[in-house]
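Take a look at the structure below.
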Amino acid sequence: MMTHSQNTIKLVAGNSHPELCKQISARLGIELSKVGAFNYTNQETAVAVGESVRDEDVYIIQTGCGETSINQFLMELLIIVNACKIASARRITAVIPNFPYARQDKKDKSRAPITAKLVANLLQTAGCSHVITLDLHASQIQGFFRVPVDNLYAEPSVLRYINENFAREDIIIVSPDAGGAKRVSSIADKLDVNFALIHKERKKANEVSRMVLVGDVTDKVCLLIDDMADTCGTLCKAAEVLLEEGGAKEVIAIITHGIFSSNAIERLNNSKLSRIICTNSMPLEDKLERCSILETIDISPTLAEAIRRLHYGESVSYLFNNAPA
Amino acid sequence: MRDLVVLGGSSHPSLTKAICRNLTIEQGVVKSVKFSNGETSIEVVDSVREKDVFIVQSGCGDVNDTFIELLIMIAACKTASAKRVTAVLPLFPYSRQADVPHAANKTGAPSISHQKDSYTFDSAPSTPRPLSRAASQANSNSVNNPIANGSGTINNNNLKQPTPTRKLPFVAKSIVTNSAGTLGTVDAYGKTESGYKQWIAQNGTLIANLLTTAGADRCITMDLHDPQFQGFFNIPVDNLYSRPLLKHYIIDFIPNYQQCVIVSPDSGGAKRATSIADNLGCSFALIHKERRAKVAKNPPSTSMSSSNSVLSLNSSEVLISGQQTPASSSGQMVATTMLVGDVKDRVCVLVDDLVDTSYTITRAAKLLKDQGAKYVYALVTHSVLSGDAINRLQKSSIDKIITTNSVPQADHVRHLGTDRLEVLDVSRILAESIRRIHNGESVSMLFDHGW
C-alpha cells in the first residue's frame, strides 16, 4: 500500500477578515503562512508566496464582505487558491464563512445570472478541492459544486448563547420571513420553546412593504433569528410589528452574518430592537462602537475545529450539533 | 446585422458606444447595479436567445470589480441561451505579469506610490555615459565655450518646453494591502528569513480559465503584452494590433519621420519596436534596463535577528520590526538603464504596449534627452497611468504622448492637456473585427491595415 508522507495544516489569510484569521490561527496554535495578497497601483492583485506549501494541506480564509470590495476579495481568493495550486499544495480548502453571491442562487428574472453557481465554478476552476462555509443562505448551493462542501452551522453557538443568556419560559423564537422558518423551527425544537413567523410581502429586493405576524408573542421576549442581516430593514420592521401588533415584551435579533450595509447601523440605532447579536463571520470594524446594541458571538472555534477535523479525516458532523468551547 | 448584440460593461462605456456607432447597431441594454452589500447584479434587458453576443469590458479602473462584472455578464448571457458569447477586452486584465517573480516589495510596479513634487527619473546608480559625451557636458558647464554654448541655444529653440497645464492634483486611489501582515521581509535575493525564495504567482492561466468557465466562447483583445498569452486559452483568441494605427500617426504627423529613431524602452519591447522601424525604414535604438541586488558592505548581523525572535513570540512582529533595522538596507534593488544606439540630435519615438506607473518610459525619456535627443514622442497602446503616473509624465521630458482609447483617457487628457496627450481611436478596429467575426470573415487583414 502506498503511504502518504505526513503533511501539515497551512493557514493562509486573505485580506478580508484579518481578525478572524488570527483567531483561528490562535485557536489551532498554527501560525498564519507567509502567503499574502497585495494590489499593484493598477489595482491588479498579486500573491506573494513566502514559504513552501508543497504537498501541504492549505486552508485559505476569506469571507465575502465589503461594500466596495466584495469582488476584489473574491478575485483575491481565486488568485490565492490558484497560487497554492501552482505551488503544488496537496489539498486546497477555501474557508468562506459568508459565501459571496449566496443570494443570487436562482434565475428569479429572465436573463438574470445564477451568480452563486458562477462563483462555485470559478472556485473549482481556480483549484479548490474543498470548501468550508457557514450557514449558506440556501443549502442547495452545495449542489453547485463538484467538490465537497462542508456547510457548518452557527446554530450550536447560538443555542449556547440563548441558554446562557435567557430563561426558556420567557422566550419565543421568531422567524422574520417564511424562508427562515425551517432554521428557526429547528432551534425552537431544540430549546423546546414556541415559535412564531412573520410573513413579509416584497415588491423589490431589499424593500419590504407589509408584514403579517403568525403566532402569539404577547409578553414574551422575542428572539428574531435569521442567517443574515444586510440593510436591516426587515429586522427593524419585524421588531415594530412584534412590539406593536403582537404585544411582545422585548425584541432581540440573533443572526449569523452581520453584513450591515449602507445605513444599517443608523437604522439599528433608531430601531425598537433592544439587542442584536451576530457572529464574527464578517469584519465589523467600527460598527461595534457605532452601535451600542450590537454584540458578537465568536464563531472561530467552530471554524478552527472544522479545519482540524478535516485535516485529520475526522467526522465534521459533530459540529452540526455541538459548539466547541 | 441580424443576431448581433453588443453589450458594454461599466469600465469603458464610451468605447462601447463608439463600437456600436461604427457597427450602426443599437447597443444592447444591460442593467448593472450593485446591491447594498456590494454584490454586482446583472440583468440583460433585451433577449439574447440564439444571438451572437459581444461584451466589451476593458481591464482598467477597478480591475477586479470590472472583471467579475464581465464574468457575471458572460454567465448571464449563457444562461439566457445566447448562441455565442465573445469577450472583447481591449486591454486584457492581468496581461502583464510581474517580470521578476520574487522580491515582491522590491521590484515590479510598486504597490504604494506617493505623489512627489519633483522626480529625478534617474536610475541609481546613474547610467554610465560614453566618455565623449561626458566630456562635452563638462565643457558646456565651463564658462566660455562658444561651440558648446552655440549647440545649447539651438537645442533650446528646438525643444518644446513642457508647459504645466494641470489644474487639479491627481490623487491615486487607495489600495488593499496585506492586512494580516503575513508577508515577511525579503532580502535582495527575494529570500525570506528561512531562506525560502519568495515568489509571485502568475495569474495568466487563471484569468483565461475563469473566462472560459464563465462561458466565453471567444476573446478579442489588443496588443497582448505576452504573445504567449493566447496559448493559455482553450478558446480562440483574436489579438488585434494597434501597430497600423501608430504607423499611420508616425507617417502623417511626425515631420521628417524617416529621420527619426524608433526606441524601445525595454528589451521586452524590442521586437515590437523593430517591426515598426523596419516597416518605416527608420533607425532603431534600445534601452536596456537592468535590475540587480545592491551588495551589502556588511552582511546583516545574525545576532540581531536571532535575539529578536527570542524576545518576541509573534513572528510577524519580528519581521515588521526587522524592516526598520539598518541591516535590512541591503535588501535594495538597483536599476540601471543603458542606451544602445545613437539618438544625438534626432527625434525619438518611444514605442511601448503599456504604460502603467510610467517609471520605465519616463526614465527612458530622461535618458534619451541626456543623450542629446531633440524631441521625444511616446507611442503607447494602453495608457493605464496608475498611481502617480500622471504627475510623473507631467514632469517628465516626454514632449508628446500618443495613445489609444483602449482604456478611458478623458481623465488623463484633462490632466495632461490635449497638446501633451493625443488619443487615437481603436473603436473602428474593434468594430470591424466584431463585424468580421460575426460574419465569419478573415480578421488577419486587420493586422496589417489600419481601419
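The values are calculated or read from the model by the stated rules, or taken from the named source; none is laboratory data. All values reported here derive from a predicted model rather than from experimental measurement. Cβ coordinates were reconstructed from backbone atoms using ideal geometry, including for glycine residues, and neighbour counts include every protein chain displayed. Only protein heavy atoms, including side chains, enter the accessible area calculation; ligands, DNA and RNA are left aside. Shrake-Rupley method; radii C 1.70, N 1.55, O 1.52, S 1.80 Å.
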Checking B:262, B:287, B:220 in turn, the sole residue that is part of a strand (DSSP E or B), away from chain A (no Cβ under 14 Å) and under 30 Å from residue B:80 (Cβ atoms) turns out to be B:220
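What residue, of B:411, B:345, is surrounded by fewer than 24 Cβ atoms within 10 Å (Cβ to Cβ), at pLDDT 90 or above, under 21 Å from residue B:12 (Cα atoms) and not assigned by TED's automatic domain parsing to the domain that holds residue B:57? Even if it seems obvious, please write down each step before you answer.
Numbers: B:345 fails: under 21 Å from residue B:12 (Cα atoms).
Going through B:411, B:345 in turn, the sole match is B:411.
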Matching residues in the range B:265-284 (more than 17 Å from the chain's Cα centre (by Cα) and assigned to a loop (DSSP other than H, G, I, E, B)) number 2
All conditions in (1) touching a helix residue (DSSP H, G or I) at 6+ places or on another chain (Cβ under 6 Å); (2) under 22 Å from residue A:103 (Cα atoms) are true of residue B:23 except (2)
Across the range A:30-39, the tally of residues that are at the interface with chain B (Cβ under 7 Å from one of its Cβ atoms) and more than 30 Å from residue B:36 (Cβ to Cβ) stands at 5
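Per-residue answers, yes or no, for (1) modelled with pLDDT of 90 or more; (2) surrounded by 15 or more Cβ atoms within 10 Å (Cβ to Cβ); (3) among the charged types (D, E, K, R):
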{"position": "B:219", "(1), (2), (3)": "yes, yes, no"}
{"position": "B:222", "(1), (2), (3)": "yes, yes, no"}
{"position": "B:232", "(1), (2), (3)": "yes, yes, no"}
{"position": "B:238", "(1), (2), (3)": "yes, yes, yes"}
{"position": "B:241", "(1), (2), (3)": "yes, yes, no"}
{"position": "B:254", "(1), (2), (3)": "yes, yes, no"}
{"position": "B:259", "(1), (2), (3)": "yes, no, no"}
{"position": "B:262", "(1), (2), (3)": "yes, yes, no"}
{"position": "B:268", "(1), (2), (3)": "no, yes, no"}
### Message
Against the definition (within 23 Å of residue A:309 (Cβ to Cβ), open to solvent by 40 Å² or more (accessible area, probe 1.4 Å) and modelled with pLDDT under 95), how does residue A:5 come out, yes or no?
### Response
yes
- request: Determine whether residue A:217 is over 22 Å from the mean Cα position of the chain (by Cα), open to solvent by less than 10 Å² (accessible area, probe 1.4 Å) and over 20 Å from residue A:321 (Cα atoms).
  value: yes
Residue B:387 fails exactly one of (1) surrounded by 21 or more Cβ atoms within 10 Å (Cβ to Cβ); (2) at pLDDT 90 or above, namely (2)
Check your understanding: With respect to residue A:55, is the statement that it is open to solvent by 10 Å² or more (accessible area, probe 1.4 Å) and either within 8 Å of chain B (Cβ to nearest Cβ) or assigned to a strand (DSSP E or B) (or both) true?
Key -> no
Selection status of residue B:438, surrounded by 16 or more Cβ atoms within 10 Å (Cβ to Cβ), of a type outside the set (D, E, K, R), part of a helix (DSSP H, G or I) and not assigned by TED's automatic domain parsing to the domain that holds residue B:224: no
Scanning the range A:178-193 for residues that are touching a residue at least 24 places away in the same chain (Cβ under 8 Å) and open to solvent by 30 Å² or more (accessible area, probe 1.4 Å), the one nearest to residue A:213 (Cα to Cα) turns out to be A:183
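Criterion first (of a type outside the set (Phe, Trp, Tyr) and not in a loop (DSSP other than H, G, I, E, B)) does residue A:301 satisfy it?
Yes: the conditions hold for residue A:301.
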Only one of A:15, A:42 is under 25 Å from residue A:298 (Cα atoms) and facing chain B (nearest Cβ under 7 Å), namely A:15
Of those in the range B:197-217 that are at pLDDT below 95 and in a loop (DSSP other than H, G, I, E, B), the residue farthest from the other protein chains (Cβ to nearest Cβ) is B:202
Going through the range A:68-107 in order, the residues found to be in a loop (DSSP other than H, G, I, E, B), within 10 Å of chain B (Cβ to nearest Cβ) and farther than 15 Å from residue B:72 by Cα are A:68, A:69, A:87, A:98
Is it true that some residue in the range A:74-85 is modelled with pLDDT under 95 and open to solvent by 10 Å² or more (accessible area, probe 1.4 Å)? no
